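Reading through the structure tokens given below for one structure.
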Amino acid sequence: MDEVRPSSGAPAHGLVPLFPPGLQAIYGECRRLYPEQANPLQVTAIVKYWLGGPDPLDYISMYRNAGCPAQDIQEHWHYVSFGLSDLYGDNRVHEFTGADGPSGFGFELTFRLKRELGETAPPTWPAELMQGLARYVFQSENTFCSGDHVSWHNPLDNSESRIQHMLLTEDPQMQPIQTPFGTVSFLQIVGVCTEELQAAQQWNGQGILELMRGVKVAGGPWLITDMRRGETIFDIDPHLQERVDQGIETEGSNLSGVSAKCVWDDLSRPPEDEEDSRSICIGSQPRRLSDKDTEQIRETLRKGLEFNSKAALPPINSQRQSHERPQSRKDSLESESSAAIVPHELVRTRQLESVHLKFNQESGTLLPLCLRGRLLHGRHFTYKSINGDTAITFVSTGVEGAFATEEHPYAAHGPWLQCKKSFLSLSCLIELKCIIFTNAGHFSLMFVVIPKL
């Protein structure tokens, strides 16, 4: 539960030791922008997260921003979070690893909401929205980056609004800061319609954000969210759809993977086959992804965000030293039962003759994006199951380090399946009767290797 109250602001210089340094650093950046609002309204977690409360953000400050009419920037409310970065430096929430790296998760969230005529106090629903995103970050230990999208599937303010999803970008006013516990950047939440989210998935988030900056009612230069906006940027300016289509055609998509409801089955042999590496057990413990499998899938997802990098998967046998990854953060694809992991060298790579893939409806609708926006541009795309360790990666011919090959286009390493592009063209899907849309609301795909004549 949260409460709204005026903030206490920063104390006098002599009381600095009693004032958390990380908190003070963020307040300092806020005071730079709002020197006349020393004590803004705050939404405060009554029971702090580090005392067992449900809300990870200790505070959300709310400022009134006058905008800049000369630049078509309208008046709005500006929300700033406190808690995703390390506020205290005493390990109560975040492990302190030094001042050279990121502080906590390395960022705080901001949000800009159009001020309605006659509104004298900021609405508090954005604070709960920010708490929801923060809970996701703390629970999954996945961080956000500029250009990321969040599929929310609900009006952000629980109204009838078309603004039901989010993109993330750098806050246009707040600058990254250096605190005693590391660096902190500020990522701004931008509310978007479903059509704009889909365009960001098919092309890239940064491109859609740039288009929105040029449309005043869709956000303008500072990307201010207007929950009453009833038209998409494509309704407002139909020519913008042409720019998106051109971008997809020339650049492809920078969405390299998604968390999904997905499973795959090897149709080459019966599922009860005891040698199936997806069901290997040691004692009573089920087979889980090894650290090296996890690291490779993680890199698969991350590398796809680099526009100009050469598409490649890290070698499956590469030796990674533990110091390369901070121990204070669990990678999002890491197994929760690492103690029961099967040694990596005991799990062989298997070539499959036929596979059956199943996706939930939302994940299935991204298959054209996978083909058109990723594989046709020499890249890769990964579905990572939210219900277990299963992962499905589609790879194009130009991707290096894949264990699926032209000769063996379907290959599995434990629960990780790779499918090669040469057998994944749209015509191939039609010829093999691969796509079956069922009334149950999911996609079912069946792939079979056709021997060359």
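Taking the highest mean first, how do the peptides 91-103, 357-369 order by number of other beta carbon atoms within 10 angstrom per residue?
357-369, 91-103
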Centroid-to-centroid separation of the stretch 59-120 and the stretch 354-423 [C-alpha atoms, Å]: 38 Å
With all protein chains in place and a 1.4 Å probe, W125 shows an accessible area in Å² (nearest 10) of 60 Å²
For peptides 407-417, 79-89, sequence by mean Cβ density within 10 Å, most packed first: 79-89, 407-417
Mind ranking 134-142, 393-401 by how tightly packed they are, going by the mean number of other C-beta atoms within 10 angstrom, highest first? 393-401, 134-142
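Tell me the relative contact order for the stretch 21-251 as a rounded percent, counting alpha carbon contacts under 8 Å between residues six or more apart.
19 percent
The values are calculated or read from the model by the stated rules, or taken from the named source; none is laboratory data. Just so it is clear, the structure is predicted and the values come from calculations on it, not from any experiment. As a convention, Cβ positions derive from the backbone with ideal geometry for all residues, glycine included, and neighbour counts pool all protein chains shown. The area values use the complete protein model at the heavy-atom level, side chains included, leaving out ligands, DNA and RNA. Shrake-Rupley method; radii C 1.70, N 1.55, O 1.52, S 1.80 Å.
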